[in-house]
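K.L.:
Take this structure first; my questions come after.
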Amino acid sequence: MAAKIGIVVMAEDVDPSVHRTSMKTPKLEYTLVAVQGGNIDQAVDVCRSMVQNEGIESFFLCPGFTYEAAAKVKKAVGDKVSVNITKADMQDTMLGIQMLQREGILH
């Protein structure tokens, strides 16, 4: 049985039921889902559903998630599911912020 990992990114004008994709290897299964930028309630609902319905065991959240938002996800999915925020060094963080601002995802 493959380990199941969820990757959640924020974007504009997305529908998580449509804007998703999966990749499977013999040992890992990745499911990437886009949620509406800044809509933490939607992200929490999506992650909870992925655990309950798809057996996701670990999440990687895009850098647009704050620690507070990640804590809300963690509370929703429980202690047996790993929740991580992808972060980088200052230079790469700033480049990521600029890209998110350019796209209107981060204000």
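Here, each number is a calculation from the coordinates, and none is a lab measurement. Bear in mind the structure is a predicted one, so any value in this text is a computation, not a measurement. Here the Cβ positions follow ideal geometry from the backbone for every residue, glycine too, while neighbour counts run over all protein chains shown.
K.L.:
Quick one: helix 67-77 against the long Cα principal axis of the chain, what's the angle to the nearest 10°, folded into 0 to 90?
P.N.:
20 degrees
K.L.:
So what's the back-of-envelope 222 nm ellipticity for the chain, counting only DSSP H runs of four-plus at -39500 (n - 2.57) apiece and dividing by all residues, rounded to 500?
P.N.:
Estimated from H runs of four or more residues: -11500 deg cm²/dmol.
K.L.:
Expressed as a rounded percentage, what relative contact order does the chain have, with Cα pairs under 8 Å and six or more residues apart?
P.N.:
Once normalised by length, the contact order is 28 percent.
K.L.:
Rounding to the nearest 20 debye, state how big the charge dipole of the chain is about its Cα centre with +1 on each Lys and Arg Cβ and -1 on each Asp and Glu Cβ.
P.N.:
Dipole size: approximately 360 debye.
K.L.:
Further question: Per residue, how big is the convex hull around the C-alpha atoms of the chain? Give it to me in cubic angstrom, could you?
P.N.:
Output value, Cα hull per residue: 106 Å³.
K.L.:
Further, regarding this structure: So how tilted is helix 40-54 from the main axis of the chain? Cα-based, degrees 0 to 90, rounded to 10.
P.N.:
With both axes taken from Cα atoms, the answer is about 20 degrees.
K.L.:
What do you get for the angle between helix 90-102 and the principal long axis of the chain? Use alpha-carbon atoms, 0 to 90 degrees, nearest ten.
P.N.:
With rounding to tens, the tilt is 80 degrees.
K.L.:
While we're on this one: For the peptides 80-89, 6-15, what is the packing order when you average, over each peptide's residues, the other Cβ atoms within 10 Å and list the highest mean first?
P.N.:
Highest-to-lowest ranking by the protection proxy: 6-15, 80-89.
K.L.:
Highest mean first, what order results for 51-58, 99-106 on Cβ atoms within 10 Å?
P.N.:
Top of the packing list down: 51-58, 99-106.
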